[in-house]
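Before any comments, here is the structure.
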Amino acid sequence: MVCRVTTLSVMDSSWIISGPLAAIAPQGADTGGARMPLARFVADMEHYADLSRSPLAAWMAGETMDLVHLGLLGVTMAAAPTLGAALRCFQRYFGALQSASAAEFEVIGDTAHFRYAILDQDIWPRQADADLTLGVVADVVRRYAAAADRVVTVQFETVAGRSRPAVAAHLGRPLRQGDDNAIALPARLLDCRAIQTDVAAEDAFTAAMATLKDEFHRIWLRQPTSHRVLQTMLARMGRAAVDQDAIARHLGMSRRTLRRQLDSEGVAFHELTELCRRNIGLALLVRSNLPMIEIALRLGYSDHTAFSRAFSRWFGQSPRALRQSGSGRRVST
């Protein structure tokens, strides 16, 4: 059997529905569920931001976007009776909007946090995409809590760039830098309700959530097994186990079934593991200051030697040389 994984990249499996692009550049786009490569969308967003006179263009595109452009996910969010329900819906079913990405929502003490990041590290730069997504979240927050602008805190995975000072000035608050893009707000605001909410509206939201859940699972199961493995690995690497047994359990199948399905696609599990290690490891080398040993451990290597040997084989340079030269930087296409 010929294995095709040597030509497979994470970007091959990364997608987004075309609706968000239709909200910004309606020519040739639609508001439905048609998919486009996530890398192309991010590149188009960077191009849009570069050509815009206002450095706030991408953020404001998010703030003013009609949620219908987010497909069934956006329609369901718009029907949520409370801010907490809207943000939890966005996080839980974000995979119905785009793949190879992470959306998290949690309450820590008296602060609620919504976090977002593209997991595909080959997609870079992606500043305008982060502006757009957090702009959408900021608008959702404002729909339920009009005065929330004074209390939200925004974090970006990079605070350098043309738009960042403009976003800080727009919010009237300094920006933070972290591992992902995030909005933090007082947890008490999660109980803020929509202006018009009654029993019938809440029942309609519950029914919409059930439909969205079914659609989310259909989208997930329609993807090739290799793509689902890649997305699961990207989300878990450095956080949870990514061996065959762990991935199979996460996907709801036995190890034997997982291997059989990958074999039918001409893909080997260990090669998918290496692909994710290259994808994440290269980004950590050239876009972070983490110690080499910590990067090695995040990627699942038992020691620095195995990590160094693997990267030298993949890139023809040691991890240290890659970091010093910055030659491993990738850009969206």
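Brief remarks follow.
- Only one of the numbered conditions (1) free of Cβ contacts under 8 Å to residues at least 24 places away in the same chain; (2) touching a helix residue (DSSP H, G or I) at 6+ places or on another chain (Cβ under 7 Å); (3) surrounded by 13 or more Cβ atoms within 10 Å (Cβ to Cβ) is violated by Asp129, and that is (1).
- Tallying residues that are among the aliphatic types (A, V, I, L, M), part of a helix (DSSP H, G or I) and open to solvent by 30 Å² or more (accessible area, probe 1.4 Å) within the stretch 234-259 yields 1.
- Contact map, the stretch 93-121: first residue over 19 Å from Asp191 (Cα atoms), second residue hydroxyl-bearing (Ser, Thr, Tyr) and outside any strand (DSSP E or B), Cβ cut-off under 7 Å, separation 6 or more or different chains; pairs are Ser99/Ser13; Ser99/Ser14; Ala100/Ser13; Ala100/Ser14; Tyr116/Thr133; Asp120/Ser14.
- Applying the criterion of being closer than 22 Å to Ile16 by Cβ and either assigned to a strand (DSSP E or B) or among the aromatic types (Phe, Trp, Tyr) (or both) to the residues of the stretch 76-96, the residue that is nearest to the chain's Cα centre (by Cα) is Phe94.
- Counting only residues that are surrounded by fewer than 15 Cβ atoms within 10 Å (Cβ to Cβ), assigned to a helix (DSSP H, G or I) and not small (Gly, Ala, Ser), the stretch 182-201 holds 3 of them.
- Whichever residue in the stretch 153-181 is part of a strand (DSSP E or B) and open to solvent by less than 30 Å² (accessible area, probe 1.4 Å) and, among such residues, is nearest to Thr133 (Cα to Cα): Asn181
- Candidate set: the stretch 97-122, residues that are assigned to a loop (DSSP other than H, G, I, E, B) and out of contact with any Lys or Arg (no Cβ under 8 Å at 6 or more places or on another chain); chosen: the one farthest from Ala85 (Cα to Cα): Asp120
For (1) open to solvent by 40 Å² or more (accessible area, probe 1.4 Å); (2) out of contact with any strand residue (DSSP E or B) (no Cβ under 8 Å at 6 or more places or on another chain); (3) not in a helix (DSSP H, G or I), each residue gets a yes or a no:
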{"position": "Gln261", "(1), (2), (3)": "yes, yes, no"}
{"position": "His270", "(1), (2), (3)": "yes, yes, no"}
{"position": "Ala283", "(1), (2), (3)": "no, yes, no"}
{"position": "Leu290", "(1), (2), (3)": "no, yes, yes"}
{"position": "Gly300", "(1), (2), (3)": "yes, yes, yes"}
{"position": "Arg309", "(1), (2), (3)": "yes, yes, no"}
{"position": "Trp314", "(1), (2), (3)": "yes, yes, no"}
{"position": "Gln317", "(1), (2), (3)": "yes, yes, yes"}
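- Residue in the stretch 166-183 that is under 17 Å from Ala85 (Cα atoms) and touching a residue at least 12 places away in the same chain (Cβ under 8 Å) present: yes
The values are calculated or read from the model by the stated rules, or taken from the named source; none is laboratory data. Because the structure is a prediction, the values reported are computed rather than measured. No Cβ is skipped: glycine too gets one built from the backbone with ideal geometry, and neighbour counts run over all protein chains shown. The area values use the complete protein model at the heavy-atom level, side chains included, leaving out ligands, DNA and RNA. Shrake-Rupley method; radii C 1.70, N 1.55, O 1.52, S 1.80 Å.
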